[in-house]
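To start, the structure under review is shown below, and the notes come after it.
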Amino acid sequence: FIDFKMAQFSGLFSTSMIAPAPVCSRYVSVSRIPMTYVVTETCVKCKYTDCVDVCPVDCFREGPNMLVIDPDECIDCTLCVAECPVEAIYAEDDVPDDQKAFIAMNAELAKAWKPIIEKKDAPADADEWAKVKEKKHLIEK
């Protein structure tokens, strides 16, 4: 028994395999556009780690005052989205326009920061920072 998703992401086969079309003799390509999830500005100085607990592939990376998602590791399972108490995680296609810079920032910082694989306590002042809107300038790299 092979789990399709796990086989796909472990490289056993490609989803761009050719499959016969049911109504004609031509072949159609079935492909998956890679998408990832993105941690946005709301996470800065909040750094709740509830999302880390549910991630099946350990794609979160920890910085001094926020988390990011490694786009090369994320399998787009959506589990982290509901776990984030400050709603800082979006599907790449749904990132608000004023937060689009965080798509590249997640990719860049994920290369420099270490994986976080267990939930940790949030900073003592996380609830107060959750209410602050403009925090991008506070990111510690």
Would you pick out the residues in region 91-103 that are under 12 Å from the mean Cα position of the chain (by Cα) and among the small types (Gly, Ala, Ser)?
ALA91
Residue pairs meeting the criteria (Cβ under 6 Å; at least 6 apart or on separate chains; first under 11 Å from ILE89 (Cβ atoms), in region 41-57; second open to solvent by 40 Å² or more (accessible area, probe 1.4 Å) and outside any helix (DSSP H, G or I))
TYR48/PRO85
Can you run down the residue pairs with Cβ atoms below 7 Å, 6 or more apart or on separate chains, where the first is in region 108-132 and modelled with pLDDT of 95 or more and the partner is in a loop (DSSP other than H, G, I, E, B) and among the hydrophobic types (A, V, I, L, M, F, W, C)?
ALA122/CYS46; ALA126/CYS46; TRP129/CYS46; ALA130/CYS46; ALA130/VAL86
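Residue by residue, here is whether (1) surrounded by 14 or more Cβ atoms within 10 Å (Cβ to Cβ); (2) modelled with pLDDT under 95; (3) touching a strand residue (DSSP E or B) at 6+ places or on another chain (Cβ under 9 Å); (4) under 22 Å from ASP125 (Cβ atoms) holds:
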{"residue": "PHE1", "(1), (2), (3), (4)": "no, yes, no, no"}
{"residue": "LEU12", "(1), (2), (3), (4)": "no, yes, no, no"}
{"residue": "TYR48", "(1), (2), (3), (4)": "yes, no, yes, yes"}
{"residue": "CYS51", "(1), (2), (3), (4)": "yes, no, yes, yes"}
{"residue": "CYS59", "(1), (2), (3), (4)": "yes, no, yes, no"}
{"residue": "PRO64", "(1), (2), (3), (4)": "no, no, no, yes"}
{"residue": "GLU73", "(1), (2), (3), (4)": "yes, no, yes, no"}
Quick check on region 23-42: of everything there that is over 13 Å from the mean Cα position of the chain (by Cα) and either closer than 19 Å to PRO85 by Cα or at pLDDT 95 or above (or both), which residue is least open to solvent (accessible area, probe 1.4 Å)?
GLU41
Qualifying residue in region 71-90 (condition: under 18 Å from LYS141 (Cα atoms), among the polar types (S, T, N, Q) and under 12 Å from the mean Cα position of the chain (by Cα)):
no
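The values are calculated or read from the model by the stated rules, or taken from the named source; none is laboratory data. All of these numbers come straight from a predicted model, not from anything done at the bench. All Cβ positions, even for glycine, are placed from backbone atoms using ideal geometry, and neighbour counts span all protein chains on display. Only protein heavy atoms, including side chains, enter the accessible area calculation; ligands, DNA and RNA are left aside. Shrake-Rupley method; radii C 1.70, N 1.55, O 1.52, S 1.80 Å.
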